[in-house]
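All remarks here apply to the structure that follows.
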Amino acid sequence: MKIVIHIGLPKTGTTSIQDYLWRGYSEAAHDGVCYPPLNITWNAPNHTWLGDNLRRRNLDALADYLKQCEALGSACILSDENVYVEFPGMSSDFKDSVHALFAQHDVTVVSVSRDMAPWQKSFYAQSVQMRRNNLGLGYVTANHMWQTPDPFADFWAAPYAAQLLNVTDMTTNIAEMFGAERQILMTYQEGQNILDQFCAELGLTWTSEKRLHNRNPSLSDIQVEVLRQANGMRRQDGRMIRLLIGCENGGGVRHKQRQEMMGWVQDFEWSLFGYQDNPPLDYDKDTFDILLERLQYWTSKLCDTNE
């Protein structure tokens, strides 16, 4: 079977690619290609199953899924940027096992890179936002980077994160792990629609006039900094500040979240926040103080029983 594996990088238009594949190739094979869904729905487009199974070393699940793909009788595209961020935590023995699993297939690996400075800043912001899970796997994974309380410089000085900066070596080694016979390298530019280049490289022709909205809206630099500081407090503090920032950006809250907020605010000390420099994030003390005032406003609004 022909398999195309899109490995990211994160923050290079991966969500646009995955939405396109879901809409055009998940129900039936077009262009001889299928994007078979696994626990994916329109409301919950979970494209993380490949990286999740690699993280959990669950090769049996991957083997079963590849058999399902083969039954479709067409080429298959898999897409998950978590493959890239999980790779530094994989042992040599596990990489050999992955190689053996995919050896019987004709594999192409697709990767998308971008200029390093903006990518580092964007990925750092994502790592501040992502929620860390208590996986209890007994080995290091990308999960330990999420919900980071570390300043930018400290984050990228950590050995695991530092490996992600070696994009050429990383993508080459991932391609070798999958036994890829072909490697497609693309470059993401600011403001570019990477989807057009992706379709051209793979010969995908399904079209739709509808362009989906951005499912991963970015936080401002000052929002990233405030959330970073909250991540260094109690676990609940990071969750609540993330919720308040979502409100500031036009998001809503569920009844359960409102109830949690009402309990949380009773013993939270806003004085724990303090202006700090965290280059290359760009903000000043005035914008820092204004955001804190706005978040306290949203706290009062959510906790107002008359709302």
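The values are calculated or read from the model by the stated rules, or taken from the named source; none is laboratory data. None of these values were measured; they are calculated from a predicted model. In this analysis, Cβ positions are derived from the backbone assuming ideal geometry, glycine residues included, and neighbour counts consider all displayed protein chains. Just so you know, the surface numbers come from the protein's heavy atoms only, side chains and all, with ligands and any DNA or RNA stripped out. Shrake-Rupley method; radii C 1.70, N 1.55, O 1.52, S 1.80 Å.
Brief remarks follow.
- The one condition in (1) buried (at least 18 other Cβ atoms within 10 Å of the Cβ); (2) over 30 Å from PRO118 (Cα atoms) that GLN266 fails to fulfil: (1)
- Hey, PRO118 closer than 27 Å to ASP282 by Cβ and part of a helix (DSSP H, G or I) or not: yes
- Members of region 227-241 that are open to solvent by 50 Å² or more (accessible area, probe 1.4 Å) and either closer than 16 Å to GLN126 by Cβ or at pLDDT below 95 (or both): ARG234, ARG235, GLN236, ARG239
- Under the condition of being among the β-branched types (Val, Ile, Thr) and either open to solvent by 40 Å² or more (accessible area, probe 1.4 Å) or under 19 Å from ARG242 (Cβ atoms) (or both), the residues counted in region 141-177 number 3.
- One residue stands out in region 111-157 among those that are more than 17 Å from the chain's Cα centre (by Cα), at pLDDT 95 or above and among the small types (Gly, Ala, Ser): the one that is nearest to LYS11 (Cα to Cα), namely ALA117.
- Residues that are among the aliphatic types (A, V, I, L, M), open to solvent by less than 90 Å² (accessible area, probe 1.4 Å) and within 27 Å of the chain's Cα centre (by Cα) do occur in region 283-292, at least one of them.
- Wholly within region 218-307, helices (runs of 4 or more DSSP H) carrying at least 3 residues that are touching a helix residue (DSSP H, G or I) at 6+ places or on another chain (Cβ under 8 Å), within 23 Å of ARG132 (Cβ to Cβ) and of a type in the set (S, T, N, Q): 221-231
- Selection within region 90-107 - open to solvent by less than 20 Å² (accessible area, probe 1.4 Å) and either small (Gly, Ala, Ser) or assigned to a strand (DSSP E or B) (or both): VAL107
- Subset of region 16-67 [of a type in the set (S, T, N, Q), under 23 Å from PRO88 (Cα atoms), surrounded by 15 or more Cβ atoms within 10 Å (Cβ to Cβ) and modelled with pLDDT of 85 or more]: ASN53
- Single unsatisfied condition, TYR124 versus (1) open to solvent by 40 Å² or more (accessible area, probe 1.4 Å); (2) assigned to a helix (DSSP H, G or I): (1)
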